[in-house]
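Participant: This structure is in structure tokens; I'll ask about it shortly.
Computed from the coordinates by the stated procedures, all read-outs in this text should not be read as laboratory data. Here the structure is a predicted model, which is why all the values come from computation and not from measurement. Cβ placement follows ideal geometry from the backbone for every residue including glycine, while neighbour counts extend to all protein chains displayed.
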Amino acid sequence: MGVEKVLFYIFAAMMVISATMVITVRNPIRAALFLVLTFFSSAVLWMLLEAEFLAIVLVLVYVGAVMVLFLFVVMMLDINMDRLKEGFIRYLPFGVLIALLMVGMIIYVVGPGNFGLDKIAEPARHAADYNNTKALGMVLYTDYVYPFEIAAVLLLVAIVAAIALTMRRREGTKYQKPEQQISVNRNERVRLVKMSAEQKK
Amino acid sequence: MFDWFFNFINWLVAIYESWPLGVQITFMTLVKIVALMAPLMVCVAYLTFAERKIIGYMQSRLGPNRVGPRGWLQPIADAVKLMFKEIIIPTGSNKYLFLISPILSIAPALAVWAVIPFNDGMVLADINAGLLYVLAVTSLGVYGVIIAGWASNSKYALLGAMRIGAQIVAYEIAMGFALVGVLMAAGSLNLGEIVKGQSGSIFHWYWLPLLPLFLIYFISGVAETNRAPFDVAEGESEIVAGFHVEYSGMAFAVFFLAEYANMILIAALAAIMFLGGWLSPFQGLPEAVFAVPVLGAVLGGGIHWLLIKMSFFLFCFLWFRATFPRYRYDQIMRLGWKVFIPITIIWLLVLGLMILGNVPPWWSAA
């Protein structure tokens, strides 16, 4: 067994275990941290598949930015565990149905019937100087330029919508305008008054 | 006379060559890691000493001068003191997370050094996506801080963690855009290629065409490392010591090491991406000058120029701390989101036009 295989099994096991922990641990912060570990191990698996650009971007975007905000929100919320566990029996049938549907769908899409060396040829190994980033960029900005741009616009719309939905202007909030503060001049703040000295009585 | 010595070396080499190739590679990589980390740790120790001395002189004090000649052994004494102190775990804290967060803080700070080139080819891992790796790994450092703040079960620590989380996320965007400028200019994500793209003379270095991005990168770097004037996360006068208020002994020292290793890293990256890394500022002088035995080696490119440039940036870090009052929190956010990000976006457009127009001397049609 080569080093790569050992690494694969280590990180695959880590990924499966931490993904299970995400839904089984009670503390929401720990769940979020296990999700981080899941992302991290999947990034390592991508790295083993020679997709180093995607692996690093996964770490950069999901681990470095998205999950930080997640943790932030979870830390700020005062989650009441008793309230969360209420109604478990009531929602159980519905939950089981959804879970079964999801499992069926996943098996249909990525089941063993669709994979194997007879279905997809073994990917060729690239030389050490193969530039994954360049290859991806070449495809992304030529063949797939329109889907790529549409995805970008969709993301922009989502950002604008999220800000528009959550932004509210409260009446009477006071905030400073730094541009006014720094453009103030002496005459607006200080007035020197010339007067004769007061006489002692 | 020295025969026994050469025999000994030959014996060691023979042992090394008898190992299988995989073991040889692993061994050499480990040796390189040690050769990189040991000087780095010494740098961190003496950076704390330099900080206390320089800020001392700026404030008309002497700084530490009791331990060893002129105080030179002060960092060693500090390290020994911290090692022998007890690590107190607060009641009600989350023990595992409390102990794991210093590790999460220092691991990325050290892992980034793998891709930093010190000289032509003198780099631990020469990977194509070096710049992206730097961005990804440095963005992991925030976890140590956030988890430390939460696991301490202390209101000051949590407040510090909240402040730092928002600050790091905000400044990372400006920093990322500044790096986009660098990779557009160099046409490569490999840090060694980026340095080579700047060869020519002092005016070929990217500080000139990317001047706004250079300034924004360095200021964001100061904010990312939580140094004054952006040190609201620690803010001694407001929230005691911020996220590491509950830490003592070696656990605290590890946070401290991570902060200073990050400072040195920002200095190294700024030197590599904007001041030409190991390139000499005297490049472009006649060839005869570089042929002179000692003078040529000093004036020619090499690791010493990178170290000089890094020292300059590190001095700026200390200088800022002695000079500026702490920013107010809302103004930090305003500076990050409303000033830096628009400037970087505009400069990226300007840069794109400059590259398209083949503006000499940085870009040519060839």
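Participant: Along Cα→Cβ, 7 Å out, is where each label goes; now give me the distance between the ones at residue A:27 and residue A:155 in nm to one decimal.
Facilitator: For residue A:27 paired with residue A:155, the spin-label model returns 3.3 nm.
Participant: Follow-up. Taking only the alpha-carbon atoms of the stretch B:237-313, what semi-axes of the equivalent ellipsoid follow from 5 times the gyration tensor eigenvalues under a square root, in whole Å, largest first?
Facilitator: In descending order the semi-axes read 41, 12, 8 Å.
Participant: With every atom except the alpha carbons ignored, what do you get for Rg and Dmax of the protein assembly as shown, in angstroms?
Facilitator: 27.7, 112
Participant: Same structure, new question: Put a dot 7 Å past each Cα toward the Cβ at residue B:124 and residue A:66; how far apart are the dots in nm?
Facilitator: Taking the two extended label points, one gets 2.9 nm.
Participant: Check which residues have an amide H placed less than 5 Å from residue A:50's amide H, if you skip close sequence neighbours.
Facilitator: The answer is none.
Participant: With Cβ to Cβ distances under 14 Å as the rule, what net charge do the other residues near residue B:160 carry (K, R +1; D, E -1)?
Facilitator: It works out to a net charge of -3.
Participant: Separate question: How much space per residue, in cubic angstrom, does the convex hull of the C-alpha atoms of chain A take up?
Facilitator: So the per-residue Cα hull volume is 367 Å³.
Participant: Taking the Cα centre as origin and putting +1 on Lys and Arg beta-carbons and -1 on Asp and Glu beta-carbons, what dipole magnitude results for the stretch B:1-101, to the nearest 20 debye?
Facilitator: Approximately 640 debye in magnitude.
Participant: Within a 10 angstrom radius of the beta carbon, how do A:40, B:243 rank from fewest other beta carbons to most?
Facilitator: The fewest-first ordering by Cβ neighbours comes to A:40, B:243.
Participant: From the alpha carbon gyration tensor of the stretch B:211-268, can you work out the equivalent ellipsoid semi-axes (sqrt of 5 times each eigenvalue) and give them in Å, largest to smallest?
Facilitator: Equivalent ellipsoid of the stretch B:211-268: 24, 15, 5 Å, largest first.
Participant: Another question about this same structure. Quick check: the distance between the Cα centres of the stretch A:174-196 and the stretch B:122-181, to the nearest angstrom?
Facilitator: 40
Participant: Please sort by residue number the chymotrypsin sites (Phe, Trp or Tyr not before Pro) in the stretch B:58-135 whose DSSP state is loop and whose Cβ has at most 16 other Cβ atoms within 10 Å.
Facilitator: Answer in residue order: B:72.
Participant: Related question: How big is the convex hull of the Cα atoms of the stretch B:185-299, per residue, in Å³?
Facilitator: Enclosed volume per residue, from the Cα hull, is 146 Å³.
Participant: Separate question: Restrict the search to the stretch B:1-101; then list the trypsin sites (Lys or Arg not before Pro) that DSSP places in a loop and that have at most 12 other Cβ atoms within 10 Å of their Cβ.
Facilitator: B:61, B:66
Participant: Shifting gears a bit: Output ³J(HN,Hα) for the stretch B:194-202: one whole-Hz value per residue in order, computed from phi by the Karplus curve 6.51 cos²θ - 1.76 cosθ + 1.60 with θ = phi - 60°, and x for Gly and Pro.
Facilitator: 4, 5, 5, x, 9, 5, x, 8, 4
Participant: Translational D (Stokes-Einstein, µm²/s) of the stretch B:1-140 at 4 °C and 1.567 mPa s when Rh comes from the Kirkwood sum over C-alpha pairs?
Facilitator: In µm²/s, the coefficient is 66.
Participant: How long are the semi-axes of the equivalent ellipsoid of the stretch A:1-82, defined as square roots of 5 times the Cα gyration tensor eigenvalues? Whole Å, largest first.
Facilitator: 28, 16, 5
Participant: Can I ask one more? Shielding of B:131-144 by partners, i.e. mean partner chain Cβ atoms within 10 Å per residue?
Facilitator: Other-chain Cβ atoms within 10 Å of each residue's Cβ, averaged: 5.
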